[in-house]
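The values are calculated or read from the model by the stated rules, or taken from the named source; none is laboratory data. None of these values were measured; they are calculated from a predicted model. Please note: Cβ atoms are built from the backbone with ideal geometry, for glycine as well, and neighbour counts cover all protein chains shown. Heads up: the accessible areas ignore ligands, DNA and RNA and are worked out on the full protein's heavy atoms, side chains in. Shrake-Rupley method; radii C 1.70, N 1.55, O 1.52, S 1.80 Å.
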Amino acid sequence: MLDLNLRVHSDLHLPSDIVTHKHFIDGQYLESASGEVTERVAPSHGVFVSRAAKGTEAEVNLAVAAARRAFDNGRWCRIAAKERAIVLTKVADLIEKNVERFALIESLESGKPISQARGEVGGAAELWRFAASLARTSTGETHNNLGDDILAMTVKEPIGVVSIITPWNFPFWILSQKLPFALAAGCTCVIKPSEFTPSTTAMLADLLVQAGMPKGVCNIVLGHGDPVGALMTSHSDVDMISFTGSTAVGKKVAEVASNTLKKVTSELGGKNPQVIMPDADLDAAADAVVFGVYFNVGQCCNSSSRIIVHQDIANAFIEKVVALSKKVVFGNPLHVDTQVGAIVTPEHQQKIDTYIKDAINQGATVHLGGAGMHVEGLSKQFYQPTVISNVRPDMAISREEVFGPVLTVLTFQTLDEAIQITNDTEYGLSAGIWSENIHNCLEFSRRANAGTIWTNTWMDGFPEVTFGGMKQSGQGREIGQYGFDEFLEIKSMVMRIGKTRAPWVGDT
Ligand code: NDP
């Protein structure tokens, strides 16, 4: 067994009962018409922790109809933005009051450490507050320079009914990157969480009711991508889809949506590099690399799963990263010190392992890890921190999203070469550079093809700073002003002042 920093025991008790969830449609909690349910086993502990109604076409139709009615009758979009902001701010306050309850089930369903789950749920309140502020400051443009008798303006209107589809890796956080912004804009929503992590999305319904959200504005349908997610993307009464998930499913969503020309925004995969220049603060860079690759066991769209390190310092840098990797606290997600928890499903663990075995067969060198990990008394869904070098840019492990605690090391000799390797991918979500030379940093930031570039840091994020991908990492933006604007249509209004318009049809 590797010499790793493992936590076996837990500081929190497993709940004595599993939590159960119904759909939330038009202000009512409903079972599925079919009576079917989905049960979730905690990846870390191997015990059932939740049971959720399993949606069918009937529930999707009810939810879309409720959202459509709530939008068309104006009970949300035509009230003053101030009133919407008050409700969103109340939701933020309620989220903060419920952090412990939400974080425990989020940790159990996803396998993430309890400290991280607390941070994500508590931090999400800030997204709701920021969205509330955007509701009140939204404005359009006026054109007062078109001639003495013309005044024109552009006004922003909510786009309508939005389908929100989310993945399992950051269930409550990703929901909060979308829902409050859509609501702030005046949209109504139908939401589907991942079948693996339905609880915190379902539990939000109670908070929405307590905050005074009018019925029908937010509807939650629990269940699988097929049929629930697929119907939410094809339904003719839906105006927009906000999707986060894999690039493969993102493409299907865009294809289906094209039949009705719905707007689609998508946050998809990434193969995000950090470039390490020889003049960098190597201790700080190594720490950010370790954080970037092991955070959420690497099951993170922003995982820095590739590092591109200068040839001259590569061996010394790998040694630093390996030494730090052994200090990261892996193990029981219910221990407060644990930094890295369990893998989401046995199938996903197998997929991670296959990437590594294939890379080894193609000549890669494993410096650390490369196998599952035994944590006494817990499930088998734990994976060792893994560092791999001697890989070529064309190998699957260098190009595809492994979505595990696996770092791939590539090397370069010139900044041009580092930028070329950075951009040699189908993805373009995020990228980073470590250097004390401002010219290197700016050159890289301008030429790297990614939606976010971090300089001498990794994964710093703020509600104000928009987020999204280039290339096959997605379309559109989330959070920040740009993320809010995605949920708005723009309408031009042109008005003539006085009866000055020359007739088109003459008297003769
Ligand atoms: P999936 O793409 O498998 O699923 C995402 C969501 O889509 C789930 O709710 C899923 O339902 C649903 N879904 C599945 N099939 C369809 C369909 N045909 N139509 C509509 N919805 C469907 O992703 P994962 O849940 O496995 O999440 C991991 C992936 O998400 C990774 O590739 C990761 O990179 C990406 N991701 C990207 C982020 C970003 O911001 N760029 C952030 C987080 C994750 P169900 O699974 O319940 O069947």
* Need at least 3 residues that are farther than 20 Å from W168 by Cβ per element, so show me which helices (runs of 4 or more DSSP H) inside the stretch 38-119 make the cut, counting only ones lying wholly within it. => 57-72, 81-97
* Given the conditions (1) open to solvent by less than 10 Å² (accessible area, probe 1.4 Å); (2) not in a loop (DSSP other than H, G, I, E, B), which single one is not true for K251? -> (1)
* Residue within the stretch 249-259 that is within 14 Å of the ligand (Cβ to nearest atom) and closer than 21 Å to V344 by Cα present -> yes
* Asked: Can E376 be described as under 29 Å from F48 (Cα atoms) and open to solvent by 60 Å² or more (accessible area, probe 1.4 Å)?
  -> yes
* helices (runs of 4 or more DSSP H) (entirely within the stretch 153-242) containing at least 3 residues that are of a type in the set (A, V, I, L, M) and either in contact with a Lys or Arg (Cβ under 9 Å, 6 or more places away or on another chain) or surrounded by fewer than 24 Cβ atoms within 10 Å (Cβ to Cβ) (or both) -> 171-185, 199-211
* **Every pair of residues 6+ apart whose Cβ atoms lie under 8 Å, when the first sits in the stretch 290-317 and is closer than 15 Å to I433 by Cα while the second is in a helix (DSSP H, G or I) and within 13 Å of the ligand (Cβ to nearest atom)** => S303/F295; S303/N296; S305/G298
* Structure fact -> Given (1) of a type outside the set (G, A, S); (2) surrounded by 20 or more Cβ atoms within 10 Å (Cβ to Cβ); (3) not assigned by TED's automatic domain parsing to the domain that holds P180, H45 misses just (3)
* Which is open to solvent by 10 Å² or more (accessible area, probe 1.4 Å), within 12 Å of the ligand (Cβ to nearest atom) and closer than 26 Å to R447 by Cα, of L268, L282? -> L268
* Asked: Here is a list of conditions, (1) away from the ligand (no atom under 16 Å from the Cβ); (2) assigned to a loop (DSSP other than H, G, I, E, B), and A342 meets all of them except one; can you say which number that is?
  -> (1)
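The rows are residues; the columns are (1) at pLDDT 95 or above; (2) within 27 Å of the chain's Cα centre (by Cα); (3) open to solvent by 10 Å² or more (accessible area, probe 1.4 Å); (4) within 16 Å of the ligand (Cβ to nearest atom).
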{"residue": "V402", "(1), (2), (3), (4)": "yes, yes, no, yes"}
{"residue": "V406", "(1), (2), (3), (4)": "yes, yes, no, yes"}
{"residue": "F412", "(1), (2), (3), (4)": "yes, no, no, no"}
{"residue": "E417", "(1), (2), (3), (4)": "yes, no, yes, no"}
{"residue": "T425", "(1), (2), (3), (4)": "yes, yes, yes, yes"}
{"residue": "G428", "(1), (2), (3), (4)": "yes, yes, no, yes"}
{"residue": "N437", "(1), (2), (3), (4)": "yes, no, yes, no"}
{"residue": "N440", "(1), (2), (3), (4)": "yes, no, yes, no"}
